[in-house]
1. Give the residues of region B:206-244 that are in a strand (DSSP E or B), farther than 10 Å from residue B:53 by Cβ and of a type in the set (A, V, I, L, M), sorted by residue number.
2. Return the pairs, sorted by first residue and then second, in which the second residue is modelled with pLDDT of 85 or more and buried (at least 16 other Cβ atoms within 10 Å of the Cβ), the first residue lies in region A:20-36 and is more than 21 Å from residue A:60 (Cα to Cα), the beta carbons are less than 7 Å apart, and the residues are 6+ apart or on different chains.
3. Considering only residues that are aromatic (Phe, Trp, Tyr), away from every other protein chain (no Cβ under 14 Å) and crowded, with 17+ Cβ neighbours inside 10 Å, which ones fall in region A:177-224?
4. Working carefully through the options A:93, A:55, find the one that is within 12 Å of another protein chain (Cβ to nearest Cβ), more than 16 Å from the chain's Cα centre (by Cα), on the phi < 0 side of the Ramachandran plot and surrounded by 24 or more Cβ atoms within 10 Å (Cβ to Cβ).
5. With (1) closer than 22 Å to residue B:121 by Cβ; (2) surrounded by fewer than 19 Cβ atoms within 10 Å (Cβ to Cβ); (3) at pLDDT 90 or above as the list, and residue A:35 as the residue in question, which single condition is left unmet?
6. Take the residues in region B:135-160 that are of a type in the set (A, V, I, L, M, F, W, C) and touching a Lys or Arg at 6+ places or on another chain (Cβ under 9 Å), then tell me which one is surrounded by the fewest Cβ atoms within 10 Å (Cβ to Cβ).
7. How many of the residues making up region A:13-25 are more than 9 Å from chain B (Cβ to nearest Cβ) and crowded, with 20+ Cβ neighbours inside 10 Å?
8. Given the criteria within 11 Å of chain B (Cβ to nearest Cβ) and closer than 19 Å to residue A:149 by Cβ, does residue A:28 qualify?
Amino acid sequence: MKISLGPVWAVAKKDLLLEVRNREIVVSILVFSGLVFIIFNFAIELTRVNRDTVGPGVLWVAFIFAAILGLNRSFIIEKDGNALEGMMLSPIGRDTILVGKTLGNLLFMLAALVVLFPVFTALFNVNVLKPEIIVIAALATVGLATTGTMFAALSVNTRAREIMLPVLFLPIAVPILIAAVEGTAQITQGGNWSEAAEWLQILAAFDIVFVIAALLTFQFLLED
Amino acid sequence: MIKESSPGAGQPKTQTADFAVVRATGVHKAYGDAGVLTGLNLEVPRGETITIFGPNGAGKTTLLRVLGSLTRPDRGEIAINGFSLKEQAAFARSTIGVVMHSSLLYGDLTARENLRFYGKLFGLGDAEDRIETLARRLNVAHRLDDKVRDLSHGLEKRVSFVRALLHRPRLLLLDEPESGLDQNTLGIFEELLAEFRAGGGATVLVTHSLELGLALSDRIAILGGGRIVFDDRSENVTIEELPEIYRRFTGEVS
């Protein structure tokens, strides 16, 4: 396995350029998450007591479902004109392609979070714009982008790819989701770094495991 | 686990100066129970263009995909320009240019953005001059800054040719390259192919057009039952004889 940064960045930059032109991935994440926030805001009777505990669950569940839309979209654009095969015909390895796609997806998800956090804070009156929660979000997003890209690559050639991705991805993403929700809840309920440390460590550990697993498996995911 | 070395890692030791551009031995590929390639052998030397004919489903496209390392064969050995596809696929791919049915281009990027992107993937430092030269040659330079989605099928195909030739490949794999090309562009394509051949490049061409295939190639082959069932020099076959040969070896009318 030899991954060069040049081609990785070329793949990610190409995805960014396509996104700037189409605004399909970030916008779909934003619209879906925003709608879920609004629906939950009306559906759940939020009190000062429960909004700090319920809010983080709404935030991360909305984001993870929205991320699935974005992940699916990031590979559908590769099927248009069979451009994915064009990349596979170049000398860069399959793992390089997928590391580039992961980087692109990571940047899209982080960009979406930058918008979603203030929206969530305004709608739920729960301040998630805190350094501890931003670090939790960054770590969670690394894990979600890595595993999500892995399973999106796996499901892109299946007929029921829209169903396959969540079915494969969500069970694997559960530990990240739990750690992100619990860690965020600790902070929204007045906790600090030391109280969130346990969840931060769990997120970092899962990130390491998922990144290693992805690097080891990426080269086999795009085989016929 | 197959370890794949990359072109950036230095020249592999197994490549020799005297090699066939394509050497495929005992290649098998099946999809489910259906054997598409069943022990196919093929050798294409430098500077040779071979056209492969065959009915639909004969495995022509699968053969090109296997040679391009898009599809892994179940069994058999393939070396492209001396590089084994099992161990040195990245080196092999750096010497191959492919034109397929699909353009392999991003519709929402301009032709130039697509070509720059592929230039980077092939490790070309500054591909601008090369892009301009090839685009002018294929008469598509005036549309380089248009989105691929806005190009006609024929223009998109021309951009595909630029993409395939961008990195100066030594092997061209062409899957029905004539589709969508007008007579003028077909003439340019024939000239480019002749130049490519004169420069020592080898071409594996798949087409249903017996006339075009015979005219463009040094050698013709017919694929049937997953292997090469007919293989001869083009000069030994006339266009009048070819339909009958095709019918005899495939059981189908061309």
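1. B:228, B:229
2. A:21/B:108; A:22/B:108
3. Residues satisfying the conditions are A:199, A:206, A:210.
4. A:93
5. (1)
6. If we take residues in region B:135-160 being of a type in the set (A, V, I, L, M, F, W, C) and touching a Lys or Arg at 6+ places or on another chain (Cβ under 9 Å), then B:144 is surrounded by the fewest Cβ atoms within 10 Å (Cβ to Cβ).
7. 3
8. No.
The values are calculated or read from the model by the stated rules, or taken from the named source; none is laboratory data. Note that the structure is a prediction, hence the values are computed from the model and not measured. No Cβ is skipped: glycine too gets one built from the backbone with ideal geometry, and neighbour counts run over all protein chains shown.
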